[in-house]
Amino acid sequence: MLVLTGILALVGSRVAALVVLEFSLRAISTLLSLSKGAHSIHLLVLCQFSLGCGLSCGLSFLLEGAPHATCNLLLAAGLAGLLAVHARRLALHTCILYELHSQQRYCGVCMLLLTSGHGVPRLLRKALVVAFVVADLAAIALINRDFLSTAEAVRFWTPLTICYTLLIVYMQEEQQSGMGRQSAYQTVQVRMGGLFILLFAVGRWIDILHIFFSLLGELWCLLHAGVLLEVCRQQDFSQQHRPTSGSS
């Protein structure tokens with residue numbers, strides 16, 4: 001949590017806004033291409049750094065010009081850290097004692113997970129939708145405020161649209177071949193490489209440095225989400241081969 005907060009503090013608002021918009025377009029494309037959102041659980045695993053950038057953009061935009069804005073951002077980071085600590089304690093409690101407590105039925109936490117745990121992914125998806133809608137609006141406003149004329153905005157948004165279109169096409173091909181851990185790392189490298197080329201052409205030198213911080217943050221989040229990615233890959237593999245084994 002401390003490392004991720006430090007990386008997000010080093011990433012500028014411009015690059016953070018681009019990361020948010022790229023993930024939002026990728027998420028919309030993924031949900032539209034998948035039947036009934038069957039593999040949308042991948043989005044919950046891969047959105048960690050993008051969600052951090054979204055919260056940073058949203059808070060920066062909402063607190064812009066407000067007194068003690070830096071203190072407010074530090075307070076938000078502290079509350080996020082407190083939430084992360086409690087979530088980690090809940091995860092450790094569940095991993096170690098869930099089987100015993102759910103059978104003996106005397107632990108309120110385990111009983112709550114047993115009765116309503118299936119609704120947790122749905123709740124997370126709704127929370128992510130709200131967070132990214134606010135972040136997308138803030139990201140567009142943060143990017144457009146740097147342009148003095150419409151011509152400058154067009155010169156930036158045109159290559160950005162082309163770059164994002166190519167990235168989405170690449171993501172669709174990767175999803176068809178499966179989303180394993182190695183594939184996730186390659187996808188991050190391609191995404192950051194595309195943003196690097198884009199900002200090298202139409203951005204600022206400081207934005208290029210922020211791209212490297214974003215790459216570091218993405219890799220840091222993937223390093224801690226490797227087990228979840230492997231579980232998702234195994235579930236997808238079993239679901240794909242279940243009808244075949246049943247028919248044979």
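Rule-based calculations on the coordinates, nothing more; no lab input. Since the model is a prediction, treat every value here as computed from it, not as a measurement. Cβ atoms come from the backbone with ideal geometry, glycine included; neighbour counts cover every protein chain shown.
Some notes on this structure:
- Using 0.36 nm per residue and subtracting the Cα-Cα separation, the extra length available between VAL154 and GLN103 on full extension is 12.2 nm.
- Over segment 2-235, the hull volume per residue, using the convex hull of the C-alpha atoms, is 137 Å³.
- Label point at LEU124 placed 7 Å out along Cα→Cβ; residues across segment 72-102 whose backbone nitrogen lies under 13 Å: 87-88, 91
- Label-point separation in nm, PHE147 to LEU10, each point 7 Å along Cα→Cβ: 3.0
- Additional length obtainable on full extension of the chain from LEU228 to ALA87, 0.36 nm per residue less Cα span: 49.2 nm
- Computed on segment 1-133, with alpha-carbon pairs under 8 angstrom and 6+ residues apart, the relative contact order is 31 percent.
- Relative contact order (percent, whole number), segment 87-222, Cα cutoff 8 Å, 6+ residue spacing: 15
- For segment 2-235, the relative contact order is 37 percent, taking Cα pairs closer than 8 Å that sit 6 or more residues apart in sequence and dividing their mean separation by the residue count.
- Separation of alpha-carbon centers, segment 100-164 and segment 1-34, rounded to whole Å: 9
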